Amino acid sequence: MLTKYLYLGFQKYNESLTRENKSFIKEVVEDKYGPQAIIGGVTTYQQSPLKNEPMEKGTWFPGVRRTGVIARKIGIYPMWMNDGTKVFSTLLQVVDNHVIRYIPPGEFEPARKPKKKIRYPNRFGCLLVGAESEDPQTFTKEYCGLFTSSGLMPKKFLGRFFVSPEAAIQPGTPLLASHFKVGQVVDIRGKTIDRGFQGVMKRWGFKGMPASHGVTKTHRRPGNIGSGGTKARVMPGTKMPGHMGNRHRILKGVEVGYTCTLRLPRMVILRINTQYNVLWVKGLAVAGGTNSICYIYDTILPFRKPTEPPPFPTFYPEDLEEPLPNDIYSGKLHRFSSPTIIFQDTK
């Protein structure tokens, strides 16, 4: 149902509105959601207060599952470790995230039911998270109704995350980049770049046929696709030409970067900017192009899960006596403000 309403959005019609009509609608929107402002480097509206009392905060324990965030991939950046090793990082900006709705475990029904029976079917609930506030005029009435209970502006992007009942968050709560900690391993889900219909050499990396010596018009063809023998058919899953990209892929913090002598996991957070809500994640393999949307959450790998309690159920700025610094670095990362070479006087 959510996907249906989302597809109906972003349709602009020529409603023949005058300047007076547009200014009146703008005043109504600002009276309901607050004036337009720039928060964390993103143009949005003033954060709406919670309509209900905040939920009671649970206690973190190993194995509990927290919510994730929606971020934009804004580029890549080289960084250096303390031992001089050069590593590349991907910059992900958490853009105007808010909790829209919480669905308890007994009421939540996934869109796709698993084929195999689950041992604990009612173990997790669901948190609906939205990102990037948008003018209500660009959406349908039904889609805007999803945000009535939380009192928030309609969001351009939505995402659902499985959470434990102890990690439930009150709708209307903002989610920041400080939801994660430096050095934490995360999983990132994104959609790969759409390449269209491609051949086997680009899609699967085939070598192709020889360029000369009697080869005619088969230089980029796959070659034989038969299995031989009495089977006499093309086996399922054979690599052939077809549509490349435009698929959701999850990059898990499983592979170790062998180019780095520190042997850090690939999807480890190296740096966090709390002013603009930007995460520096080690690696270049995040699915999607620049300015694409991705979903970040705690890793589900058993040996990469956090051993120390992260902000639970999320980061609340009011819980701190002093605000966080603008930049939080990993202890193994070299800061650009630190000296690179130190000379000592010798006699």
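The values are calculated or read from the model by the stated rules, or taken from the named source; none is laboratory data. Since the structure is predicted, the reported quantities are computational estimates derived from the model, not experimental observations. Using ideal geometry, Cβ is built from the backbone for each residue, glycine included, and neighbour counts are taken over all protein chains shown.
Say whether the condition of being closer than 15 Å to ILE70 by Cβ and touching a helix residue (DSSP H, G or I) at 6+ places or on another chain (Cβ under 7 Å) is met by at least one residue in region 156-177.
yes
Residue by residue through region 168-204, note down the ones that are touching a Gly at 6+ places or on another chain (Cβ under 8 Å), within 20 Å of ILE250 (Cβ to Cβ) and crowded, with 19+ Cβ neighbours inside 10 Å.
Correct list: VAL185, VAL186, ASP187, GLY190.
Quick check on region 16-41: of everything there that is touching a residue at least 40 places away in the same chain (Cβ under 8 Å) and not in a helix (DSSP H, G or I), which residue is surrounded by the most Cβ atoms within 10 Å (Cβ to Cβ)?
Residues of region 16-41 touching a residue at least 40 places away in the same chain (Cβ under 8 Å): 25, 29, 33, 39-41.
Subset that is not in a helix (DSSP H, G or I): 39-41.
Numbers: ILE39: 15, GLY40: 19, GLY41: 13.
Ranking the candidates gives GLY40 first.
Cβ-Cβ distance below 6 Å, separation of 6 or more or different chains: which pairs start in region 319-347 with a residue that is closer than 23 Å to LEU270 by Cα and end on one that is of a type in the set (Gly, Ala, Ser)?
SER330/GLY183
List every residue pair whose Cβ atoms sit under 8 Å apart, with the two residues 6 or more apart in sequence or on different chains, where the first one lies in region 180-209 and is touching a residue at least 40 places away in the same chain (Cβ under 8 Å) and the second, anywhere, is surrounded by fewer than 14 Cβ atoms within 10 Å (Cβ to Cβ) and among the β-branched types (Val, Ile, Thr).
The qualifying pairs are ASP187/ILE250; ASP187/ILE300; ILE188/ILE250; ARG189/ILE250.
Before we move on, is PRO78 at pLDDT 80 or above, in a loop (DSSP other than H, G, I, E, B) and more than 17 Å from LEU175 (Cβ to Cβ)? Steps first, please.
Working: at pLDDT 80 or above: yes; in a loop (DSSP other than H, G, I, E, B): no; more than 17 Å from LEU175 (Cβ to Cβ): yes.
The answer is no for PRO78.
Can you name every residue in region 64-82 that is under 21 Å from the mean Cα position of the chain (by Cα) and either among the polar types (S, T, N, Q) or under 20 Å from LEU127 (Cβ atoms) (or both)? Steps first, please.
Applying the first criterion (under 21 Å from the mean Cα position of the chain (by Cα)) to region 64-82 yields 64-78.
Result: VAL64, ARG65, ARG66, THR67, GLY68, VAL69, ILE70, ALA71, ARG72.
Restricting to region 324-338, and then to whatever is charged (D, E, K, R) and part of a loop (DSSP other than H, G, I, E, B), can you tell me which residue is surrounded by the fewest Cβ atoms within 10 Å (Cβ to Cβ)? First the steps, then the outcome.
Step one: filter region 324-338 for residues charged (D, E, K, R), giving 327, 332, 335.
Going one step further and asking which of them are part of a loop (DSSP other than H, G, I, E, B), we end up with 332, 335.
Details: LYS332: 17, ARG335: 13.
Checking each candidate, the answer is ARG335.
Residues checked against (1) under 24 Å from THR148 (Cβ atoms); (2) surrounded by 22 or more Cβ atoms within 10 Å (Cβ to Cβ):
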position: PHE88; (1), (2): no, no
position: LEU91; (1), (2): no, no
position: HIS98; (1), (2): yes, yes
position: ILE103; (1), (2): yes, no
position: GLU107; (1), (2): yes, no
position: LYS115; (1), (2): no, no
position: ARG123; (1), (2): no, no
position: LEU127; (1), (2): yes, yes
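When only residues in region 221-251 that are in contact (Cβ under 8 Å) with a residue 60 or more places away in the chain and out of contact with any Gly (no Cβ under 7 Å at 6 or more places or on another chain) count, which is surrounded by the most Cβ atoms within 10 Å (Cβ to Cβ)? Lay out the reasoning, then the answer.
Looking only at region 221-251, we keep the residues that are in contact (Cβ under 8 Å) with a residue 60 or more places away in the chain, and these are 249-251.
Those still in the list that are out of contact with any Gly (no Cβ under 7 Å at 6 or more places or on another chain) too: 250-251.
On the way: ILE250: 13, LEU251: 20.
Within region 221-251, the match that is surrounded by the most Cβ atoms within 10 Å (Cβ to Cβ) is LEU251.
Report whether or not LEU8 is under 27 Å from HIS179 (Cα atoms), modelled with pLDDT under 70 and not hydroxyl-bearing (Ser, Thr, Tyr).
no
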